[in-house]
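Inspection log for the structure reproduced underneath, given as structure tokens.
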Amino acid sequence: MNKFYTAQEVADKLKIKKTTVYELIKRGELASSKIGKQLRISEEQLEHYLHGSTQETGTLPHDMDFLPESSLLKRDYLLYSNGLILSGQTSPALELLCSQMAVHPKGMPVLQSHMNTYNGLYSLYFGKVHIAAASLPLEQIQALVPGTALAAVCLYEFSLGLYVQKENPKSIRRLQDLTRADVILANREKGSIRRIYLDKELKKEKILAADISGYRKELVSDLSTAAAVGSGMADAALGEEYVARQSPNLDFLPLTTMPMYLVAEEASLSKPGFTAMLEIVKSEDFRTGIHGQTGYDIKHTGEVTYL
């Protein structure tokens, strides 16, 4: 008979907070079942989330490919929406923005399409979203949306680095350490800024992906990779500092600072909804809110750059 766990039992197993388990369920990454009025996670559902990582070796499968959520690109949301379509993976800043848009006098409904940076900009280029949350240098953003006059609104800046287990028992210090035989990586999906940064750095340092155990194992959020490292199923992962601070089982090794932009067509900024978005992002309440929640750097928040 299949064994069932409570959210707290899953949290204890993965060494994460119970609220993180609920967030994984809400995002659709961890399946669950309703038994009466109670939420339960079966052993099979948990093993599926870990992608077979409960095998006897205790390691992540080296040859398993994960298909990221690119099917969203096939949906033409703009044909059916009376609000704004915002692409971007879940973050406290985007959640705060969407909630404030709902109550702003000039606001309108916001449908968030959970896509990574690359897929979001691709969708903006093909007119499938109104706004793309993107974390790339401005010249690279422009290259991915060619021939279009764009406006990039700085949302915040954040620290990107390595998640390692508490007190860093394997003494991982740099990306070159990922090639060690005793280190397993929990990698992100193609198109995410974490994966883009990693692949660029590997090429620059002439490190072969084939030399990194776990490189082909793809997860689709920082919550997932942090849980993999925190539970001991992996030894390192790339992610942002805010998520690492939510887990008492992780340490964070900063590597670089990244900007997060809201990118839209320049002509859109004067349209209904967009003006509300700008007012919100430029407001002191919003800046104070996201800094208080996350510690993100907000010194450039609200600044607009035209590309």
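The values are calculated or read from the model by the stated rules, or taken from the named source; none is laboratory data. The structure presented is a predicted model; accordingly, all values stated were derived computationally and were not measured. Please note: Cβ atoms are built from the backbone with ideal geometry, for glycine as well, and neighbour counts cover all protein chains shown. For accessibility, only protein heavy atoms count, side chains too; no ligands or nucleic acids. Shrake-Rupley method; radii C 1.70, N 1.55, O 1.52, S 1.80 Å.
Numbers below:
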quantity	calculated
Set Thr275, Thr301: member being open to solvent by 20 Å² or more (accessible area, probe 1.4 Å) and in contact (Cβ under 8 Å) with a residue 60 or more places away in the chain	Thr275
Subset of region 231-243 (residues that are among the charged types (D, E, K, R) and either outside any strand (DSSP E or B) or open to solvent by 30 Å² or more (accessible area, probe 1.4 Å) (or both))	Asp235, Glu241
Cβ-Cβ under 6 Å pairs, at least 6 apart or on other chains, region 83-100 side more than 21 Å from Leu223 (Cα to Cα), far side assigned to a helix (DSSP H, G or I)	Ile85/Tyr77; Gln100/Ile280
Pairs, first more than 30 Å from Lys128 (Cα to Cα) in region 239-264, second open to solvent by 20 Å² or more (accessible area, probe 1.4 Å) and not in a strand (DSSP E or B), C-beta under 6 Å, six or more apart	Ser247/Ile16; Asn249/Lys15; Asn249/Lys166; Asp251/Lys166; Phe252/Glu241
Filtered residue count, region 244-261, keeping only those that are in a strand (DSSP E or B) and either surrounded by fewer than 15 Cβ atoms within 10 Å (Cβ to Cβ) or among the hydroxyl-bearing types (Ser, Thr, Tyr) (or both)	4
One residue from Ala264, Ala228 being touching a helix residue (DSSP H, G or I) at 6+ places or on another chain (Cβ under 8 Å), crowded, with 18+ Cβ neighbours inside 10 Å and within 24 Å of Pro92 (Cα to Cα)	Ala264
Leu219, sole failed condition from (1) modelled with pLDDT under 95; (2) surrounded by fewer than 24 Cβ atoms within 10 Å (Cβ to Cβ); (3) over 24 Å from Asp297 (Cα atoms)	(2)
Residues satisfying the stated conditions in region 83-106, i.e. buried (at least 21 other Cβ atoms within 10 Å of the Cβ), on the phi < 0 side of the Ramachandran plot and of a type outside the set (A, V, I, L, M)	Ser87, Gln89, Ser91
Unmet criterion (only one of (1) in contact (Cβ under 8 Å) with a residue 24 or more places away in the chain; (2) surrounded by fewer than 17 Cβ atoms within 10 Å (Cβ to Cβ)) for Lys200	(1)
Residues of region 158-194 satisfying the condition of being open to solvent by less than 40 Å² (accessible area, probe 1.4 Å) and either without any contact (Cβ under 8 Å) to a residue 24 or more places away in the chain or assigned to a strand (DSSP E or B) (or both)	Phe158, Ser159, Leu160, Gly161, Leu162, Tyr163, Val164, Leu185, Asn187, Arg188
Odd one out for Gly127, checked against (1) more than 19 Å from Leu255 (Cβ to Cβ); (2) open to solvent by less than 10 Å² (accessible area, probe 1.4 Å)	(2)
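Rundown of residues vs (1) more than 19 Å from Pro259 (Cα to Cα); (2) modelled with pLDDT of 90 or more; (3) in a helix (DSSP H, G or I), yes/no style:
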site: Glu95; (1), (2), (3): no, yes, yes
site: Leu111; (1), (2), (3): yes, no, no
site: Ala133; (1), (2), (3): no, yes, no
site: Ile141; (1), (2), (3): no, yes, yes
site: Pro146; (1), (2), (3): yes, yes, no
site: Tyr156; (1), (2), (3): no, yes, no
